[in-house]
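*Asks:* I'd like to ask some things about the structure below.
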Amino acid sequence: MTQVHQLYKLQETDTEIREKTRRLREVLAGQQPSAELLAARERRNTAVTTLHEWQTKHKTLRLEMESLRREAKNAETRLYSGKVTNPKELADLQHKIESLGRRIEKSEEQVLEAMITLEDAETEETAAAASLAEIEAAWEAKVTHLKVEQDELALTIHKLNGVRQAQAKAIDPRDLKEYETLAKKKNGMAIARVRADTCLGCRLTVSANKIKEAREGKKVYCGSCGRILYPY
Ligand SMILES: [Zn+2]
């Protein structure tokens, strides 16, 4: 195996490690809760809070209404008991009963309105819970898939790093250093294949003489992009 061929094999490993690492980052990012899931959770939380608020409000209003009704009933019982004979007191009682009647009517309206709002809040809470359950199930299924892929990727990257180490060990340290420096500058491609008479690194023509020298096993650089040519 020529030196350039060894470097080319190393570059293939590096490319694969880079691709698997990029995918691993995607796979990790994909396991974060999605915007859709966060929105569904938020909707459910709001629905639960609203429902509890209206349950409390409805209960308070209903108790208020019942208290007014009891008060009115007591006043009526007293009015018709025959025990009150004083005309002033009788008139006051009648007045009180009328006043309570108006308050009860208003209170009943409030209870009814609160009940309607409470029913709406219950409907929304049920819908929000169902929507969240659906989105959460889909997300969990996705995360389960991604976790499997994550484990596979981690194992593959680990193996590739081992391969890379073995490949690098077989290469002259100066050549390795040159390759690594060039790869950094050339977007990971330090070694460029040649097809027909074209450098695949920059798509420009390589002279026949350079191709010939490269085929003889010499280290030859592309005159245009500076990559090491691998003429196969
Ligand atoms: Zn080139």
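*Asks:* Of the conditions (1) loosely packed, with under 13 Cβ neighbours inside 10 Å; (2) in a helix (DSSP H, G or I); (3) among the basic types (Lys, Arg), Arg164 satisfies every one except a single condition; which number is it?
*Replies:* (1)
*Asks:* Does Ala190 qualify as being in the same structural domain as His5 (by TED's automatic domain parsing) and either open to solvent by less than 20 Å² (accessible area, probe 1.4 Å) or within 8 Å of the ligand (Cβ to nearest atom) (or both)?
*Replies:* Values: in the same structural domain as His5 (by TED's automatic domain parsing): yes; either open to solvent by less than 20 Å² (accessible area, probe 1.4 Å) or within 8 Å of the ligand (Cβ to nearest atom) (or both): yes.
Taking the combined requirement at face value, the residue satisfies it.
*Asks:* Select from the stretch 54-86 the residues that are free of Cβ contacts under 8 Å to residues at least 40 places away in the same chain, within 30 Å of Ala127 (Cβ to Cβ) and open to solvent by 80 Å² or more (accessible area, probe 1.4 Å) and list them in ascending order.
*Replies:* First pass over the stretch 54-86, keeping only residues free of Cβ contacts under 8 Å to residues at least 40 places away in the same chain: 56, 59-60, 63, 66-86.
Checking which are within 30 Å of Ala127 (Cβ to Cβ) leaves us with 56, 59-60, 63.
Answer for the stretch 54-86, where residues must be free of Cβ contacts under 8 Å to residues at least 40 places away in the same chain, within 30 Å of Ala127 (Cβ to Cβ) and open to solvent by 80 Å² or more (accessible area, probe 1.4 Å): Thr56, Lys59, Leu63.
*Asks:* Going by the conditions given, is Ala137 modelled with pLDDT under 95 and either open to solvent by less than 60 Å² (accessible area, probe 1.4 Å) or not polar (S, T, N, Q) (or both)?
*Replies:* no
*Asks:* How many residues are among the small types (Gly, Ala, Ser), over 10 Å from Pro231 (Cα atoms) and not in a loop (DSSP other than H, G, I, E, B) if we restrict to the stretch 187-213? Explain how you work it out, then say what you get.
*Replies:* To start, the set of residues in the stretch 187-213 that are among the small types (Gly, Ala, Ser) comprises 188, 190, 192, 196, 201, 207-208.
Filter once more, so that each one left must be over 10 Å from Pro231 (Cα atoms): 188, 190, 201, 207-208.
Checking which are not in a loop (DSSP other than H, G, I, E, B) leaves us with 208.
Of the residues in the stretch 187-213, 1 are among the small types (Gly, Ala, Ser), over 10 Å from Pro231 (Cα atoms) and not in a loop (DSSP other than H, G, I, E, B).
*Asks:* Restricting to the stretch 204-227, name every residue that is near the ligand (Cβ under 10 Å from one of its atoms), surrounded by 14 or more Cβ atoms within 10 Å (Cβ to Cβ) and hydrophobic (A, V, I, L, M, F, W, C).
*Replies:* Hits for the stretch 204-227 are Val206, Cys222, Cys225.
The values are calculated or read from the model by the stated rules, or taken from the named source; none is laboratory data. Every value quoted in this text rests on a predicted model; they were computed, and no experiment measured them. Quick reminder, even Gly has a Cβ in these numbers, built from the backbone with ideal geometry, and neighbours come from all protein chains shown. In case anyone asks, the SASA skips ligands and DNA or RNA and just uses the protein heavy atoms, side chains included. Shrake-Rupley method; radii C 1.70, N 1.55, O 1.52, S 1.80 Å.
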